[in-house]
Every structure is written in structure tokens, then in C-alpha cells.
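The structure appears below as C-alpha cells.
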Amino acid sequence: MIRPVREKFPLSLRSLRKVDEVKRPSSIWSRMLGNTKFRWGLTIFMLFVLMAILAPVISPYSPTLTSFTPLDPPSLKHLLGTTANGQDVLSQVIWGTRISLGVGVGAGALSIVISIAIGLLAGYKGGLADKILTTVTNIVLVIPGLPLIIVVAAYVRATGPLTIALVIGLTGWAWGARVLRSQSLSLASRDYVTAAKLQGNSDAYIIRQEILPNMISLIVANFVYSVLSAILAEAALEFLGFGNVSDVSWGTMLYWANNGQALLSGAWWWFVPPGLAIAMVGASLALMNYGVDEIANPKLSVHRKRRANKRS
Amino acid sequence: MKFVAQRFLFLLLSVWAAITINFFLPRMMPGNPAEVMLARYQGKLNPQALHALALQFGISHQPLWVQYWSYLISLLHGNLGVSVSYYPTPVTTVIAQSLPWTLALAGTATVISVVAGTWLGVISAWHRGTIVDDILPIATTVSSAIPYFWMALLLLYLFGFLLGWFPLGHAYSTIMVPSWSAGFVGNLLAHAILPLSTILISSLGGWLMSMRNNMLHILDDDFMTFGEARGLSSRRLVYIYAARNAILPNLTGFSMALGFVVSGALLTEIVFSYPGLGYQLFTAVENEDYPLMQGLFLIIALAVLLANFITELIYARLDPRVREE
Amino acid sequence: MKGLSRIAVAGVAAIVGTAGLSACGAAASQKAAAAPLVVLPSPIGSYSRNFNPFSPTDLPGTTGLVYQDLFYFNPLKSQTYPMLGTSFAWSGHGTVLTVHLRKNVKWTNGQPFNADDVVYTFDLLKRYPALDTNGIWKVLSKVKAVNSDVVTFIFKAPNVPYQWYVLGETPIIDQALWKQVSDPVKYGNPNPVGTGPYLLKSFSPQVYSFSANASYWGGKPKVPTVEYPAYTSNSSADLALSRGKIDWAGLFIPNAQKVYVKPNPKQNHYWFPPNYIVILYTNLKNPLLAQLPVRQAISLAINREKIDKVGEYGYENPSSPTGLILPNNKAWLNPSLPPQDVSFSYNPAKAVSILKSAGYKKNAQGIFTSPSGQPLSFTLNVVSSATDWVSDASIMQSELHNVGIKLTVNQEQYGAFYGALKSGTYQLAIWGSSPGPTPYYLYNALLSPSSIGNYEHWNSSATNAALAQYSASSNLSVQKHAMYAIEHTMATQLPSIPLVNGPNWYEYNTSQYTGWPTPSNPYSNVTPASAFGTTVVLMHLHPVAK
């Protein structure tokens, strides 16, 4: 979403190629967990989820408490120092996980749901429905993302995390829809689908039993990618002040740090931790995406052995 | 030809969609430019001024569809209206002042990023299975997951503020007079390095991954095995045959990316005070300057749509299968 | 600018063939001889060539450096400087204002300045109401030149306070040149010709500069060049300021002592004198807020010291309950007011007892309810981009919660915020007030039923009478007594609740020039954003002897 360059080339693009998955979803999950990169990504991500859940327990102070010495460098009392308003940075980072992850996952989920609905409908139904939906998708796809979000966010007056999540989710589904449409188009013409149709099964049944299970890794890859884009877009919007600046999230922390001249005051402890947190969550998602990609496209995971053989 | 006509129709349709969204969205925002202008003084300005400001900005009370129609007509005449925050400067003038900066910054960054990313992708694929291919894609994947405005802040703090190696913002030193002198060009470059690096670091990964993955697919194709069997050197195979085929999607991606250049550097521009379109869009939104906001958004959308159109034509020419889809 | 676009084109020649779209004519040409004074009133990302002194978006320096007013009224103390006028007097019971003009003043194109220019200026405002931002022609009936050095302004009704708008806030333009302008509302006035101490020297979207006018009537200024560079954001501007790249700025800078003064305590200075008051507007159409005990309780429960320290970096001292901007207005303060009417006290316990004795009771949630059962629960509107006010709002939220009044903070964009404020569809709002050289202007904007700025909808015959009394008299002691009455009303009736004094931002560097206004010598408004005041400051500056 933020990076138009990558918007066109998400890591999952390659998943468009031949994907012939086994029809048992369980094996896909286990294959994903078997992938080192995916496992690492998931572990880091779950640590942040844990941090969000345990925020009231592990946070040393209230994130909005303003009673400390302003701009105190890191010390034992404040492991990550304090802000210009006298808030504890560590507590803010910990509590900020909630909104940052919540908005990211929520917006990612929203856009993947729209992607699936539109992609499946267009790809499976074909015909006029496909033409219309594809055109709409293409239009949304080429309308520049971040500028649109900024204009929309300004319009809806950014009253909180929910609006931000909605705005990001509603503008970020097009790429996924395009990829999923291609996949379901190709699946819909498979023999077993034709067979199922001939047996008189309903569309809903076929989609549920034959199409969806074969798209799981693609959906997961797109979901992970959507969450990543959403978290970055959210941070960008909040950094620009389009979020609710009284909420504590990583993006608003960066907004306040920038407004409070953290740079100028030499208060690196104020703007480094929230950015680092976003970067770590982003990296964890990127790793998961990478892993899913390798599973969906076995060619991408190159084994050392094979390479060694080739050389000799 | 039918394909071209079809794509052209799509182009027109999406241009119309962009224009329409563009027209209606800002108009649904509460307040009008006169009130916003007064409000920006946070109550310090004599509220009497409201009447005069409304007259100046010619706040329209016509029905929305009449305004929409006259908006379309004036667009056809290349008239984007008058900016409110730079009143009475026409929007086209404001855009013309900022466009070159964005093109220069984000354009250069995109070109470098594509070339370097693609090349690294080839390297990575060529060295598949080695440590290089283990580290390179992961490193760039991770680096592109970093929020790039934060990276911009970090670079600014380290190299601009602490070390003082680079200027703290702007396109060039204000004491300098734009000219072709070595001093001025050097000054421009010194100002561009940090913002350029920011965009590079965050966009390199996408190109690398896409090229690497394309390469891996092609390296496995039959004709590669065939070439290998014929005894062609591996290096020759990789660079001449595989890379040439694998680069196709990256090439079209490149032309798309150029369309996005116009909007691509928004946050970087804001952090580095770079006087480009992204910064203008941001201030236009802040000032609720509808005409400027619309003009900028339109330029950005047009650039992307045109690039997309051209990309599709090129792609269809290079890969006939697309035309049949 | 030509060179500039060429460079940009070269950089992307391969991408886009036709980027030579630059529209700016004049090149930023010759280099400054002596050290220029670098001024930054506020961050503007890039400049558009607009030197039309009537435009709301004219570039800083247009008014003041190039175009001048008749008199300058210093808001920091009761002081008036003669500019293009030399003296003025009221007659006809506050309906006729006679102004004597300065002789031997020349426009920078060499033409003489006279009364016809003044008359033409005001007639222009009459013909183009879009330019009349102070609504002068709502109260003025006629302007005429008695002779080449004397002008009289005839008002429809007694209106002494309008002398400020007429004499102090209207830039005088050159009749001969402006007669040729077809639409002065949309005119960008690229090459301004004024009577002021400076001439436009160069312009580019990134920087423009003025050079000293050798034939200025007040003598050639000692600062040869004044330069205005563009900065896109407050952050980048603050950074440049702390690096000593700016001599005179009007920027918000957090922790100024640490960030700005400490690196160079001998030369970097700041002073943020009060300029207006930040008010908690209370919509009196709301039946609960219309009750005095409720407003009193809110006011008593607010810790203004904390707002200053935590929300405002200690830059904004608590206001006076009188609504006077102190110390600027100290000449107007009624000496016999009791201390509790001169400065606020923070007393949450008293807030609770006032509500209790007015019959309010706490409900199960600990929120006071009125005798008729309505809870004291309000929404507080605040502009989201005014980050300090957002902080203030959350401080007030917790303070008021402690005494049993619930606030919901509602952050809005400018348009939405102002829409609600103006139409009266808000409950509480944090907003500024429009100040003037005497307390009258703020009071009139805030309390007069005919003022747009009366957002709380106060209407009291006593206040109206006091405002009218001031308006009709140019006698200082009559005016003072009128103001004393309003001071008392403000302090005891709380039409709206003053919070803190809003400052003018003012940073200056003494490495090149000295003679700056200071707290002990506030000879002019200090911020470079203060249009006409900038001339007064510039004429006081002189190079540091080296």
C-alpha cells in the first residue's frame, strides 16, 4: 500500500504460477510450519501478539501518564526513557502494540475477505460478472494507494483505529482479488471441478470443497501481505497525523516524536523504539510471506544438495 | 487492434472514475476553504474576515452536479482551477513548480532501484543455494518491511544531525542560486543522497525478489537444460538466456513504477522537506485546498493510468498470450 | 527558476521529455553583498509569487517591508508609531477621524505619495468587498482628501475602535499603479511598489529577498538584505534555527531552552510574549453550560499550571479571569479588582462544593447530575492538528473527571471544527481569541452579539452597553471604565472560560544584528509574522560591531 513499486510486485506474485496443492489443507499448514522462514516469522509475530495481550501486566506504567521528567534518557527507572510530555516510552511501545497490530490484522482481514469474495466470484462465475468485477478491480488497483488513503482519511475525519482500519481495508483489496481471480479461474476449469459440477453439486459446495482448499497457501500469502501493507500504511497515516493522536500506537508515537522535535532534542529513544517495533513486525510478516511463497512454489526453495550436484 | 481499443476504453473508464472520485471526495469534507483559512489562524484572526474570504474564494453554492459538469468542462480546457492555499496562483503553476523535484528524486531512485534490484536478483538466483542467496533476499525483504519515513528520520538523525555529513533537508541550499555550476549540482546531489537512499533501501527488495523468482523458474525450464546439454557456459546461459527472459515482468513493472513515481516519495518528501508533489498533496489536504488536492491527485492518477496503458501494450507485444486472455 | 527546472529535466530526461513546466519568471540573481538577515515567520514549503497586500496568502514582508499602514499600534504596550500618518484626531462624537499624512514620502518608483493614494486604497476596499477583510465599509460611510496631506474618514455611527483597522491594519497602495489592475482580488502583484524600507530583490519558489530602500522616508535601514527561505515543516525549520541558519523566526520550538539556547547561549535567544488568550468556549445554548455553577466548577477544576507545564512546554502562562492579556494590557486592568478576579486558582474541592450547593448530585458512575437529572457529560471539540491543545484537552478530561464532570474529547479537522463552532453545534471547544491593541477588540469579538466570534452566544445588556460606551468615546478614562465593567463580568460571570495565554513565537540570533525587542524593551510586536510590526523591528536593528 505504501510502496507502489512493491504493490505491483508483492512477494506472492509468483504464487500465480502453477499451484497444484494437495487437497488436504492440514498438510499445507504442517508444511508451512515446517518452513524455517515461516516459523521464524510466526514466532516473532506471536511474541508481539503476546505483548499486546499482556500489556497491562508487563507495562511498567500507564502509557498516558505524564508525570515523569520530560525527555529523560533511558535509565533503570525508564528503560526506554521518556517523551517530551513526560510519558514512559517503554509503556507506550508495549500498549501501542494493541492498536498497531489490531488495525493491521483487522484491515488485512477485511481486505482479504473482499479479495476472496470478488476474486472467487469473478474467477468462478466468469462471463459478465467477471468482466465487471475485473474492471472495478483494475480501476482500484491503478488508483494510487497512499494518496487515496490520505484523501479518504481526511474525509472521514480519522476518529480512531476502526476508521483507519476500514479505510485501509477498503482500499487495499484489489491486488489480492486479481491474484485470487486468476487462481480460481484456473481451478474452475480443472477436471475434478468439472466432475463435481456434473455430479450436480451446488456452486457453494464446490467452492467450499474443491476451490478454497486449493487456494489456502495463496490466501495465506495474500493475507500476510495485506497485514504487512496495512501496518505500514497505518503507521504512515498516523505519522502524518491522520489518526487519533490521543491514541497510543506506534504510528502516533512517531507523530508525537516528530512534532515534539525528538530529533532536535537528541531524544533517539523516543523515535527509534516504535519504528523498530513496526520494522520487526513487518520483517516477521515478510518472512512468513517468503516462507509461504516457497511452499506454494517449490522451485523457489532451492536445496543445497541439488545445487551442489549441478555444479559438479 | 481490438485489444488496443479495449485497453483504451479501459483507460478512459478509469480516468473518468479517477476524476469522479477526485471531484466528490473532497467536496464531502466538512467546511469550506474560507472557513478553513480563517480557522487556521486558530481564532486569532478577526472573524469579520470570513465574509471577505468567502467572496475571495468564490465559494460556490450551486448544486453538486452543476459544479461537477463545469469541473469536467474546465478539465478539458486544461484548467485545474486556482489553489486556495497559494491563492491566487493557478493549480497548474503549483504543480509545475513541484513536479520536476519529484520526478528527479523519485525517478532517479526508481531507475537505480530497478537496475540494482534486478541485477541483485540475477546474482541471487545464480548463486542459489549458497550463502549469498540465503542472505540477500532475506535482507532486502526485511529492509523493505521497514516503515520508510522512519528510515528517513533515522538517516536524517544519524548522517544529517549527529555526523553532519549531509544537509538536513531541502532540494538545495537556499543561499545558492540555481545554475549549472559544479557547485550547485554538487549541492543538489548532497541534498538528494539521503532521500534517495531511503527510497532505495525500501524498494530494492521488491525488484530483487521478483527477478530472483523469475530467474529460478526459467533456470528450471527445459530450454535451459537443453542449453546446458549443448555445453553453453553457465554464465552465458544465466545472463544471456535466463535473465533476458526473466526480465520481462520486471520491465513492465518498471514502466508501472514510473507511473507511481509521481506519488511514490510522499513521506520521504515530507521528512526531508523536499519541495515535490507529495509534500504539496500533504499540505493541500491539511489546508483543505480542494482544487490543489484534486489537481495533484489527478496528475498522480493520470501518470499511473497512462503508465499502465503503455505497459499493457508493451506486454501484449512481447507476450502474445496476453492478448487472448 | 529557469536553471532549476533545467536541472530537474536533465535528471529525468530519459523518463519524461517535457518537464520544463516551470512558471516562475525572475531568476534569483545576484548574491547578497553583506550578511543578509534570514527571516522565517512560519514554515511554507514553496512560495508562490504573491505580493498583493490585500490577499490572505500574500508572502511575509509584503505588508510592513513594502506596503505600510498609516500608524502602527504596538500590542505589547500602549504605544502608537506614526508611519505614513503623523497624527490623527476624532471629532463629531466619534464619527469623524481626521488624519494628517507624512510629507515628502515617495513610492519606490519615485512617484510622490499623497492623500489621493489613501483615498484610492479605501475606495478599492469599498469596490471590492472581497478585499475588505476587516469589514471597514460596514461602518465607514465616506473617505475624502481635505488636501494633499489630510484625509478624513466619516463613519456611519460612532466607532472609535475602528481606528485600529483603518489606521493600523490597512496597507496603503499606489493609486497610479493599481488603477491599471483589472482584478485586484486575483492580482498577484509580482513587482510590488510601496513606501516601505525595502524593495523586492529576488524571487524563487525556494527563497525570496528584499534589499534596503535607500530613499526610505525613515532613513536607509541598516540591514541591507532580508531573506525569506522556504521550509516545508516546523521540524526542518527548527533544525535550521538551532543550527544558526536563521536570524529571526516565529516558530514553535519544543524545549527551546535545551534545543535552541543551550547550544549557543550567547547568541540564541527566545521570548514568547503573550499575544491572545486560549479559551474554553462554553456553548450557552446548552442548558447545563448555561448554568453559572457548572461553568464555575469547570473553571475551578482545571489545573492551568499543569496545562502550561505538561501541555504547553511552560510557554503559556495561565490567563487572567478578566480575559485581559497580561502584562500587555496591564494599563487597562482595574486596580480595585479583588485578587481572585485577577488570577485563577485551582480548587477542585471548591468546584465540588459549588455543584453540591447548586443541587447537583453524583450518580452511580460518580458523575454529577443536575437537579433535573441530566449528567454533566460534555464533548470537548479540539482541532486535531493543534497538538498542544489536544494534550490540554486530555489533561482537562482527567482533571474534570476527578471532580465528577465527564468530558469526551472530539478531535476534528479545521473545517469540521470551525463549522460546529460557528453554527453553535458544539458543547465545549478550545479555541483562540482575536486580540487587538486594547482589550476592547478581544472583548468585542468574544462578547458582542453581532460578532461572529461570539461562539458561546453571550448576550448581556450590561456588556453591550459597556462596549458601546467604549466605542463612542476617544477619551481614555471613559474607555477604561467601560473595560473595567467587562473585566468584572468576565471574572464573575464566565461567559467563556479563559485557559492560558497564547504566545507569539519569537526566536532571534544576535551574531549578525542586535537591537531586538526584549521583555524589558517591548517596542514592537516581536514575531516576524506580525506584518506591520516587522518594519519597526527592522528599523531598530543594526549590525554587530566586529
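Select from the stretch A:158-213 the residues that are of a type in the set (Ser, Thr, Tyr) and either touching a Lys or Arg at 6+ places or on another chain (Cβ under 7 Å) or surrounded by 20 or more Cβ atoms within 10 Å (Cβ to Cβ) (or both) and list them in ascending order. Result: A:171, A:184. Restricting the stretch B:93-108 to residues that are buried (at least 24 other Cβ atoms within 10 Å of the Cβ) and more than 18 Å from residue B:189 (Cα to Cα), the residue that is nearest to the other protein chains (Cβ to nearest Cβ) is B:97. Can we say residue C:386 is at the interface with chain B (Cβ under 10 Å from one of its Cβ atoms) and within 24 Å of the chain's Cα centre (by Cα)? So residue C:386 fits the description; yes. Looking only at residues in the stretch C:210-226 that are touching a residue at least 60 places away in the same chain (Cβ under 8 Å) and either of a type in the set (A, V, I, L, M, F, W, C) or surrounded by 24 or more Cβ atoms within 10 Å (Cβ to Cβ) (or both), which one is farthest from residue C:539 (Cα to Cα)? Per the criteria, the residue is C:210. Among the residues making up the stretch C:456-479, those that are touching a Phe, Trp or Tyr at 6+ places or on another chain (Cβ under 6 Å) and at pLDDT 95 or above are C:456, C:470, C:479.
Among the residues of the stretch B:162-216, those identified as buried (at least 19 other Cβ atoms within 10 Å of the Cβ), of a type in the set (Phe, Trp, Tyr) and within 13 Å of chain C (Cβ to nearest Cβ) are B:166, B:172. Without any contact (Cβ under 8 Å) to a residue 24 or more places away in the chain, of a type outside the set (Val, Ile, Thr) and outside any loop (DSSP other than H, G, I, E, B): which single residue out of C:488, C:481 fits that description? Only one candidate qualifies: C:481.
Note on the stretch C:369-379: residues that are in contact (Cβ under 8 Å) with a residue 60 or more places away in the chain and part of a strand (DSSP E or B) total 1. Only one entry in C:136, C:154 is within 22 Å of residue C:177 (Cβ to Cβ) and β-branched (Val, Ile, Thr), namely C:136.
If only residues of the stretch C:338-366 that are at pLDDT below 95 and of a type in the set (A, V, I, L, M) are counted, the one that is nearest to residue C:273 (Cα to Cα) is C:342. Residues in the stretch B:262-276 that are part of a helix (DSSP H, G or I), within 11 Å of chain C (Cβ to nearest Cβ) and within 12 Å of the chain's Cα centre (by Cα): B:262, B:269.
Which residue pairs have Cβ atoms closer than 9 Å, lie 6 or more positions apart in sequence or on different chains, and pair a first residue in the stretch B:233-250 that is without any contact (Cβ under 8 Å) to a residue 24 or more places away in the chain with a second residue that is crowded, with 18+ Cβ neighbours inside 10 Å and outside any helix (DSSP H, G or I)? Hits for this filter: zero, empty list.
Only one entry in C:22, C:5, C:29, C:46 is modelled with pLDDT under 50, assigned to a loop (DSSP other than H, G, I, E, B), within 14 Å of chain B (Cβ to nearest Cβ) and crowded, with 18+ Cβ neighbours inside 10 Å, namely C:22. Residues in the stretch C:182-200 that are of a type outside the set (Ser, Thr, Tyr), at pLDDT 95 or above and more than 12 Å from residue C:51 (Cβ to Cβ): C:197 only. The residues of the stretch A:36-64 that are assigned to a loop (DSSP other than H, G, I, E, B) and in contact with a Ser or Thr (Cβ under 8 Å, 6 or more places away or on another chain), listed by number, are A:59, A:60, A:61, A:62, A:63, A:64. Remark: residue C:321 matches the filter, which requires a residue to be outside any helix (DSSP H, G or I), at pLDDT 95 or above and crowded, with 21+ Cβ neighbours inside 10 Å.
The values are calculated or read from the model by the stated rules, or taken from the named source; none is laboratory data. As the structure is a computational prediction, the values presented were derived from the model and not from experiment. Cβ sites come from the backbone with ideal geometry, for glycine too, and all protein chains shown count toward neighbours.
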